[in-house]
1. Say whether the condition of being farther than 25 Å from A40 by Cα, of a type outside the set (D, E), in contact with a helix residue (DSSP H, G or I) (Cβ under 7 Å, 6 or more places away or on another chain) and modelled with pLDDT under 95 is met by at least one residue in region 136-158.
2. With the structure loaded, tell me whether L45 is touching a residue at least 24 places away in the same chain (Cβ under 8 Å), outside any strand (DSSP E or B) and under 16 Å from the mean Cα position of the chain (by Cα) or whether it fails that test.
3. Kindly check whether there is at least one residue in region 182-194 that is closer than 30 Å to P108 by Cα, of a type outside the set (K, R), assigned to a loop (DSSP other than H, G, I, E, B) and modelled with pLDDT of 95 or more.
4. Consider A100 against the criteria (1) open to solvent by 10 Å² or more (accessible area, probe 1.4 Å); (2) closer than 27 Å to R23 by Cβ; (3) out of contact with any Phe, Trp or Tyr (no Cβ under 8 Å at 6 or more places or on another chain): it satisfies all of them except one. Which criterion is unmet?
5. So for region 117-129 (the condition being open to solvent by 30 Å² or more (accessible area, probe 1.4 Å), assigned to a strand (DSSP E or B) and in contact with a strand residue (DSSP E or B) (Cβ under 6 Å, 6 or more places away or on another chain)), does at least one residue qualify?
6. Have a look at R212, R179, R216 and point out the one that is part of a loop (DSSP other than H, G, I, E, B), of a type in the set (K, R) and under 26 Å from M98 (Cα atoms).
7. So which pairs qualify, if the first residue must be in region 57-69 and open to solvent by 50 Å² or more (accessible area, probe 1.4 Å), the second must be of a type in the set (K, R), the Cβ gap must be under 9 Å, and the two must be at least 6 apart or on different chains?
8. Of all the residues that make up region 111-169, how many are in contact (Cβ under 8 Å) with a residue 40 or more places away in the chain and either within 24 Å of R62 (Cα to Cα) or of a type in the set (S, T, N, Q) (or both)?
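The values are calculated or read from the model by the stated rules, or taken from the named source; none is laboratory data. Please read all numbers here as calculations on a predicted model, not as lab measurements. In this analysis, Cβ positions are derived from the backbone assuming ideal geometry, glycine residues included, and neighbour counts consider all displayed protein chains. These accessible areas exclude ligands, DNA and RNA; they are computed on the full protein's heavy atoms, side chains included. Shrake-Rupley method; radii C 1.70, N 1.55, O 1.52, S 1.80 Å.
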Amino acid sequence: MTTTGLTERFTAVDWRALEEELRERPLARLPWRLSPADCARLTALWEEPGAFRSRVDMARHRFGQGEYRYFARPLPPLVDSMRRHLYPPLAAIANGWMEALRARDRFPTEFEVFESRCWRAGQRQPTPLLLRYEAGGYNCLHQDLYGEVAFPLQIVVFLTRPGHDHSGGEFLLVQQRPRAQSVAEVVAGEQGEMVVFANRYWPAVGTRGFHRTNVRHGVSRVRSGTRFALGIIFHDAV
């Protein structure tokens, strides 16, 4: 997909409707998908070691079972374009969350300005990543935080076909409510589907207005096959 095509698709998104959906739940599906060809091109990058700055064996760190690799700069054009085009409308939503929670944090409207904020904080390593799980693989519940600067929303893009390339491996998001039981969301994730989700906390509505609930995400155990996903995180890492 070209940058022009991305711009047209993102412009056509009803971001107000997406914001309302994110008021109800800490995740929402974007209304369009990457093509199978785009998914295949991203998955094929796994075999290009030069595309990545580092790799993580999840079992070694007790993060789960599988592997993920952080892209090096320059990011793949599609990944870089998605990151830059998705950030501005999501920043507007994030700032609404900060107001609702009466937090002092505010996020600039332009990605380049936010990126500069990360760099001033010593966070200069890109964080978009490609994740791979074989049969038996899973990802423990976690939060993707890499330093002082953190953007509260991120994107997961499902690159393989459930029921064909793999079974199991559902995306999990757990909302840890204060003084109440946790609530779990489960997304099977069709190929090319993109989900935006809260990656640290979410402004839930209670009887006394908004309150902060912590959220963690992960992946359920893959029963068979190979599952690939793309993660788009907006803040950089130390």
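1. no
2. Working: touching a residue at least 24 places away in the same chain (Cβ under 8 Å): yes; outside any strand (DSSP E or B): yes; under 16 Å from the mean Cα position of the chain (by Cα): no.
No; evaluated as a whole, the condition is false for this residue.
3. yes
4. Only one criterion is unmet by A100, namely (3).
5. Of the residues in region 117-129, the ones open to solvent by 30 Å² or more (accessible area, probe 1.4 Å) are 117, 119-122, 124-125.
Then drop every residue that is not assigned to a strand (DSSP E or B), which leaves 125.
Among the residues that remain, those that are also in contact with a strand residue (DSSP E or B) (Cβ under 6 Å, 6 or more places away or on another chain) are: 125.
Yes, region 117-129 contains a residue that is open to solvent by 30 Å² or more (accessible area, probe 1.4 Å), assigned to a strand (DSSP E or B) and in contact with a strand residue (DSSP E or B) (Cβ under 6 Å, 6 or more places away or on another chain).
6. Working: R212 fails: part of a loop (DSSP other than H, G, I, E, B); R216 fails: part of a loop (DSSP other than H, G, I, E, B).
Of R212, R179, R216, the one residue that is part of a loop (DSSP other than H, G, I, E, B), of a type in the set (K, R) and under 26 Å from M98 (Cα atoms) is R179.
7. Once the first residue is open to solvent by 50 Å² or more (accessible area, probe 1.4 Å) and sits in region 57-69, its partners that are of a type in the set (K, R) give Q65/R221.
8. Residues meeting the conditions: 35.
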